[in-house]
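> Please find one structure pasted underneath; my questions will follow.
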Amino acid sequence: MIKVQREDFDLGREIDALTRGRHGIGGVASFVGLVRDLAGDPSTGAQAVRSMTLEHYPGMTEKQLADIEAEAHRRWKLDASLIIHRYGRLDPGDRIVLVVCASPHRQAALEACAFLIDWLKTKAPFWKLEETPTGAEWVDAREADDAAAARWRRDQAAE
Amino acid sequence: MKLLYFAWLRQRTGKGEEDLTPPASVATVVELVEWLKTLGPGYMRAFSEMKSVRVAVNQEYVPFTYKINSGDEVAFFPPVTGG
């Protein structure tokens with residue numbers, strides 16, 4: 001299931017809704033992404049982030065998220081999955097993204113969850129505009145994110 | 001043809017979307033970009049760093065050599081930074 005929304009989400013309620021009545025599920029893996037204030041990490045030399053605005057491409061966002069979710073279901077035996085991605089204005093500490101995968105066994109749930117967040121970061125059309133004391137700046141894409149997504153391509157090639 | 005621009009491409013072109021009819025000689029995305037750059041300084045600035053521009057046609061990622069049709073939805077944007 002895909003949800004692209006302005007509103008916050010509640011992890012417990014989302015997992016309850018996804019797994020209720022599905023007694024074949026033996027494990028649920030989840031990932032929650034938060035707005036990080038990079039100034040909290042001295043190694044980045046970054047300025048304090050007051051807030052950010054997430055822009056997205058309505059239509060393509062849902063399509064890309066549905067495509068990567070379908071790919072996860074092809075690669076792993078999953079009973080259920082959920083991706084929630086927020087857009088609009090967010091403050092440091094706010095939840096941005098949720099990925100939940102449910103499976104009879106833990107390994108499929110954990111791996112599929114990692115796959116989804118890695119792929120989402122390089123495929124889903126969202127852009128972060130950070131507000132800093134010296135003005136608004138578009139966040140640059142990170143090569144580390146491309147490398148994390150590429151890891152799953154190599155895994156596929158090895159199969 | 002419906003054109004969409006996101007993030008700093010939207011800011012530089014000064015518009016989020018527009019309907020344009022490129023000349024018949026424009027067959028690929030790269031030719032479309034060259035034509036857009038003739039429309040004004042905002043477009044010139046938007047497409048001045050092509051290594052930081054991605055393109056989607058009908059909401060799927062495509063290479064710049066991709067052939068386009070008059071009814072397509074073509075979107076330009078920087079590398080994505082969600083998650």
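> Under a straight-distance cross-link criterion of Cα-Cα below 28 Å, which lysines are reachable from residue A:63, leaving out those fewer than 8 residues away in the same chain?
Straight-line reach from residue A:63, under 28 Å: A:3, A:77, A:121, A:123, A:128, B:2, B:15, B:51, B:67.
> Also, I was wondering about something else. Helix A:143-158 against the longest principal axis of chain A: what's the angle in degrees, Cα atoms only, rounded to the nearest 10?
For A:143-158 against chain A, the angle is about 20 degrees.
> GNM on chain A, C-alpha springs below 10 Å: top fluctuator among A:108, A:72, A:48?
A:48
> Spelling out what I want: for every residue of segment B:62-71, take phi, set θ = phi - 60°, compute 6.51 cos²θ - 1.76 cosθ + 1.60 (Karplus), and round to whole Hz; glycine and proline get x.
3J(HN,Hα) across segment B:62-71, in whole Hz: 9, x, 5, 7, 4, 7, 10, 10, 4, x.
> Per the Cauchy relation, a quarter of the hull surface: what is the mean projected area of the convex hull of the alpha carbons in chain A, in nm²?
10.0 nm²
> Hey, another quick one. How much length, in nm to one decimal, is gained on full extension between residue B:73 and residue B:60, taken as 0.36 nm per residue of separation minus their Cα-Cα distance? Spell out each step's value before the answer.
Working: separation 13, 0.36 × 13 = 4.68 nm, distance 0.99 nm.
My answer for the length gained is 3.7 nm.
> What does the convex hull of the Cα atoms come to per residue for segment B:2-77, in Å³? Provide the component values of the computation, followed by the final result.
Numbers: hull volume 6.0 nm³, N = 76.
Normalising the Cα hull of segment B:2-77 by residue number yields 79 Å³.
> Provide the per-residue ³J(HN,Hα) series for segment B:9-15, in order, calculated from phi with Karplus coefficients 6.51, -1.76, 1.60 and θ = phi - 60°, each as a whole number of Hz, with x at glycine and proline positions.
Those phi angles translate into 5, 5, 5, 6, 6, x, 8 Hz.
> I need the phi-derived Karplus couplings for segment A:24-37: 6.51 cos²θ - 1.76 cosθ + 1.60, θ = phi - 60°, integer Hz, Gly and Pro marked x.
Residue by residue, segment A:24-37 yields x, 6, x, x, 10, 10, 9, 10, 10, x, 10, 6, 9, 8 Hz.
> First measure r as the distance between the Cβ atoms of residue A:132 and residue A:30, then evaluate 1/(1 + (r/R0)^6) with R0 = 41 Å and state the FRET efficiency to the nearest 0.05.
Efficiency for this residue pair is about 0.85.
> Here is a further query. What FRET efficiency comes out for the pair residue A:73/residue B:24, r = Cβ-Cβ distance, R0 = 41 Å, nearest 0.05? Let's see the in-between values first.
Values: r = 43 Å, r/R0 = 1.05.
So, using R0 = 41 Å, E works out to roughly 0.45.
> Rounded to the nearest 10 degrees, what's the angle between the helix A:106-123 long axis and the longest principal axis of chain A, both from Cα atoms, 0 to 90?
40 degrees
Every number here is computed from the coordinates shown, using simple stated rules; none is lab data. In this text the structure is predicted, and so the values were computed from the model without any measurement. In this analysis, Cβ positions are derived from the backbone assuming ideal geometry, glycine residues included, and neighbour counts consider all displayed protein chains.
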